[in-house]
1. State the percentage of accessible surface on segment 85-224 attributable to carbon and sulfur atoms; use a 1.4 Å probe and exclude ligands, DNA and RNA.
2. Between rounded, prolate and oblate, where does segment 72-129 land on the alpha carbon gyration tensor, with a ≥ b ≥ c its root eigenvalues, rounded for a/c under 1.5, else prolate if a/b exceeds b/c?
3. Write down the percent of antiparallel bridges among all DSSP beta bridges whose residues are both part of segment 45-197, to the nearest 5.
4. Against the globular-protein guess of 2.2 N^0.38 Å, express the Cα radius of gyration of segment 130-257 as a ratio, rounded to two decimals.
5. Before I look further, what does segment 70-205 give for accessible area per residue, probe 1.4 Å, in whole square angstrom?
6. Quick check for me: using +1 on Lys/Arg Cβ and -1 on Asp/Glu Cβ, what's the dipole size of segment 68-134 about its Cα centre, in debye to the nearest 20?
7. Set the Förster radius R0 to 25 Å, insert the Cβ-Cβ distance between residue 70 and residue 128 as r into 1/(1 + (r/R0)^6), and round the FRET efficiency to 0.05.
8. Can you show me the helix-derived [θ] at 222 nm for the chain, built from DSSP H runs with n ≥ 4 at -39,500 (n - 2.57) apiece and divided by the number of residues, rounded to the nearest 500.
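The values are calculated or read from the model by the stated rules, or taken from the named source; none is laboratory data. Just so you know, these numbers come straight off a predicted model, no measurement behind them. Please note: Cβ atoms are built from the backbone with ideal geometry, for glycine as well, and neighbour counts cover all protein chains shown. For accessibility, only protein heavy atoms count, side chains too; no ligands or nucleic acids. Shrake-Rupley method; radii C 1.70, N 1.55, O 1.52, S 1.80 Å.
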Amino acid sequence: MKRTYQAALRRGLMLLPIATLFTVGPVMGEPTKQNAEIQKVREGVNKILKRGNISSVAPSKINGLYEVMVGPQLYYVSADGRYLLSGNMYDIETREDLTTPKVSHAKAEAIEAVGEANMVVFAPEKTKHTVTIFTDIDCGYCQKLHSEIKDYNDLGISVRYLMFPRAGIGSESFDKAITVLCSDDRNDAMTRSKAGEKLAKKVCDNPVEQHWALGKSLGVNGTPAIFLKSGDLLPGYIPAQRLSAILQELEKNQSQK
């Protein structure tokens with residue numbers, strides 16, 4: 001009996017490496033297949049985009065379909081790199097939007113990458129919420145919003161401005177934005193300029209063109225464009241009290257998840 005057991009054990013040990021090879025083989029092969037598909041996806045997307053614009057490529061919830069991030073935009077591309085889909089993907093059973101949260105996160109990261117040193121920031125003594133607003137010096141509702149900046153700050157809302165002169169690069173509004181960012185006291189210059197005061201033109205190394213390009217990539221087509229920390233956009237002028245209520249409700253919902 002003892003000899004039979006030992007013989008069986010020896011046979012099992014001899015077969016173990018072979019069994020292991022069969023077990024490990026498919027697992028080791030999967031990354032190789034995925035890497036090849038990702039390469040095809042990149043090659044396909046690069047046919048219509050400038051090389052280097054792709055931020056990331058990852059498998060989606062659907063087999064054979066990859067998520068391709070291009071800056072703050074999300075596309076779905078077939079594994080062979082031939083077909084590209086633009087739009088939102090939903091989980092029908094859970095009714096979950098699988099696209100928007102990822103796009104919003106990418107937008108938030110793009111905004112944060114600018115850095116507050118390159119913004120005009122009006123912050124309260126104690127910040128409860130932070131919003132980033134793409135603004136135009138000559139926009140009427142932007143001027144109205146800024147005339148109430150104290151109301152936002154009093155409610156604990158920190159307002160960070162990025163410049164988005166709607167008339168485009170080289171316009172008068174574009175030059176005004178440069179003057180504000182090149183001023184020793186940006187906050188004072190912003191307030192005076194938005195109140196209609198004509199400031200002496202100033203020029204320096206500035207990020208106004210980068211602000212404008214970022215706004216375009218984030219889908220800004222009007223001002224004010226209010227972005228939350230989540231990367232979600234609230235277009236247009238929103239009074240301080242209403243914005244505070246929205247921010248509190250979103251914070252409450254987030255804490256309950």
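1. On the way: 3510 of 7320 Å².
The value for segment 85-224 is 48 percent carbon and sulfur by accessible area.
2. It is oblate, given that a/c is not under 1.5 and a/b is not larger than b/c.
3. 70
4. The value comes to 1.07.
5. Working: 7240 Å² over 136 residues.
Result: 53 Å² per residue.
6. It works out to roughly 140 debye.
7. Details: r = 34 Å, r/R0 = 1.36.
Plugging the Cβ-Cβ distance into 1/(1 + (r/R0)^6) gives 0.15.
8. Mean residue ellipticity, 222 nm, calculated: -15000 deg cm²/dmol.
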